[in-house]
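The values are calculated or read from the model by the stated rules, or taken from the named source; none is laboratory data. This structure is a prediction, so every number in the text was calculated from the model and none was measured. Please note: Cβ atoms are built from the backbone with ideal geometry, for glycine as well, and neighbour counts cover all protein chains shown. The area values use the complete protein model at the heavy-atom level, side chains included, leaving out ligands, DNA and RNA. Shrake-Rupley method; radii C 1.70, N 1.55, O 1.52, S 1.80 Å.
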Amino acid sequence: KVCTVIGFPLGANTKEVKVFETENAIKNGANEIDMVINIGLLKSQKYDLVKEEIQEIAKVCHDNGALLKVILENCLLTKEEIVKACELSDEAGADFVKTSTGFSTSGADADDVALMRKSVSDRVKVKASGGIRDYKKSLEMIEKGADRLGVSAGVNIYKESKSL
C-alpha cells in the first residue's frame, strides 16, 4: 500500500487545498491518505467546519477505493479535544484516527490510545504512531486499543520480539 500525508504539519491548509491534495495523491497511486486535522479550527471549536472537511476528504478517498486516517496530533490537544476530534472523525466517515505525525513534541501515548479507542465506534480503527521504538511499547499500544502501529523501528521491534 502507498500512503501519503495531506495538510502536514498542522492541518491549516484550506479544505479546497486538502481535497486537491487528496485527489492528486490518489491519482498518483496513493491507497491511503493521512490527513492532519485542522488543529486551529478544532481549538476554535468550529466543529461543523472540521467535520465538513473530513467528510469531503473521506468521500474522495472512498469514491476512489482509498482509506482515510485522520491525524489528531494529540500532544497539541487537551483530552476533551481528543475526544471531540475522534467523534467528529467517526461521524464524518474516517476509517482511522491516528495519534500523531511524529513532527511535534511527542508521539503516541498509551493513555491517549485508550481514550481514542473509547471515543470512536467499532467501525473506526485506531493507529498509534510516533515514538514506538521497542517491542514492549508496541504491545502496550495494542493492549490499549491500537489496531495499527506506525513505527520506524520495525526491524528492531521484530528482532526483539523473536529474542524473547
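Miscellaneous remarks
- Test result for V17, open to solvent by less than 30 Å² (accessible area, probe 1.4 Å) and of a type outside the set (G, A, S): no
- Extreme residue, modelled with the highest pLDDT, among residues of the range 148-164 that are under 22 Å from the mean Cα position of the chain (by Cα) and surrounded by fewer than 16 Cβ atoms within 10 Å (Cβ to Cβ): R148
- Of residues in the range 63-82 being under 14 Å from the mean Cα position of the chain (by Cα) and assigned to a loop (DSSP other than H, G, I, E, B), the one surrounded by the fewest Cβ atoms within 10 Å (Cβ to Cβ): L77
- Test: residue in the range 119-127 that is within 22 Å of E21 (Cα to Cα), crowded, with 19+ Cβ neighbours inside 10 Å and out of contact with any His (no Cβ under 8 Å at 6 or more places or on another chain): yes
- Count - residues of the range 55-84 that are over 28 Å from N31 (Cβ atoms) and β-branched (V, I, T): 2
- Each residue in the range 83-109 was checked for being open to solvent by 60 Å² or more (accessible area, probe 1.4 Å), closer than 14 Å to S119 by Cα and in a loop (DSSP other than H, G, I, E, B), and 0 of them qualify.
- A count restricted to the range 25-48 and to residues that are more than 21 Å from F103 (Cβ to Cβ) and either open to solvent by 80 Å² or more (accessible area, probe 1.4 Å) or in a helix (DSSP H, G or I) (or both) stands at 7.
- Look at (1) small (G, A, S); (2) within 15 Å of K125 (Cα to Cα); (3) at pLDDT below 95 and you find that A85 fails only one, number (3).
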